[in-house]
Every structure is written in structure tokens, then in C-alpha cells.
Amino acid sequence: MNYNESKLKVNSELHRLELEVEGSIAFIKYKLDGDMLFLIHTEVPPALEGKGAGSAIVQKALQYAKDNNFKIVPICPFVQSYLKRHKEWNDIIVPGAGKFN
């Protein structure tokens, strides 16, 4: 599945970064504290499971953080797992927030 066309939506009311695909919404629950973006929980609806939606929303959330000069605190195990496989994002992780290298 190609997620390049899908845009990340910042839902500040629900504190979610959302990605809508084929009528379903995957999201990452977040908290913003100054310039630190805490990525708390990733949820992918059953219709999108196993299709790369989780990785796509994490990648888009990390790009959003980078574009807005946020440092991330990856609390979500799925985000942590993604970061272990994608070391190119290490520069935006809050120092001491975890070992992903």
C-alpha cells in the first residue's frame, strides 16, 4: 500500500497525530511539552493491520517532529521498535530518552 499521498493530520483536540487511509484512521496519541513531543501510543484499525500503516504513521510523525524542530520522547513500544530499525531518526530523540542505536 502506498501512503505517500496520505497527509498527517494534527488533531490537537484529541492529542492525536492521524493518518486517514481508505476511510480508516490510524493514530499516534501524543503530548507536546515545550519542544518535546511524547509519542505515547500507536493505534492502527483492523482494516489497515499488516499493510504498513503503523510504520507509515510513525515515519510521518517523525518527519512532522523534525519539520517543527521538536525532539521526540518515544514512549510507545511500536515507535521504539521502529526507531531501532531506522537509525536515521536518532538526531531528533531527546538525549537519555532511550537507546535506539
Gln59 vs (1) of a type in the set (S, T, N, Q); (2) touching a strand residue (DSSP E or B) at 6+ places or on another chain (Cβ under 8 Å); (3) farther than 19 Å from Ser12 by Cβ: all pass except (2)
Pair list, Cβ under 9 Å, 6 or more apart: the range 5-22 residue within 15 Å of Phe38 (Cβ to Cβ), other residue not aliphatic (A, V, I, L, M) and not in a strand (DSSP E or B): Val10/Tyr64; Leu17/Lys60; Leu17/Tyr64
Going through the range 2-44 in order, the residues found to be exposed (fewer than 13 other Cβ atoms within 10 Å of the Cβ), at negative phi and not in a strand (DSSP E or B) are Asn2, Asn4, Glu5, Lys7, Ser12, Glu13, Leu14, Asp35
Scope the range 45-66; condition open to solvent by 20 Å² or more (accessible area, probe 1.4 Å) and not charged (D, E, K, R); matching residues: Pro45, Pro46, Ala47, Gly50, Gly52, Ser55, Gln59, Gln63, Tyr64
Taking Ala47 as the residue in question, decide whether it is of a type in the set (Gly, Ala, Ser), modelled with pLDDT of 95 or more and farther than 20 Å from Ile92 by Cβ. no
If we keep only residues of the range 72-82 that are over 14 Å from Glu43 (Cα atoms) and aliphatic (A, V, I, L, M), then the residue surrounded by the most Cβ atoms within 10 Å (Cβ to Cβ) is Ile72
Determine whether Glu20 is among the acidic types (Asp, Glu), more than 10 Å from the chain's Cα centre (by Cα) and at pLDDT 95 or above. no
Which of the residues that make up the range 33-44 are touching a helix residue (DSSP H, G or I) at 6+ places or on another chain (Cβ under 7 Å) and either acidic (Asp, Glu) or farther than 13 Å from Val94 by Cβ (or both)? Thr42, Val44
Note: among Asn69, Asn90, just one is farther than 20 Å from Ala26 by Cα and open to solvent by 90 Å² or more (accessible area, probe 1.4 Å), namely Asn69
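The values are calculated or read from the model by the stated rules, or taken from the named source; none is laboratory data. On a predicted model such as this, the values are computed, not experimentally measured, just so you know. Backbone-built Cβ (ideal geometry, glycine too); neighbour counts: all protein chains shown. For accessibility, only protein heavy atoms count, side chains too; no ligands or nucleic acids. Shrake-Rupley method; radii C 1.70, N 1.55, O 1.52, S 1.80 Å.
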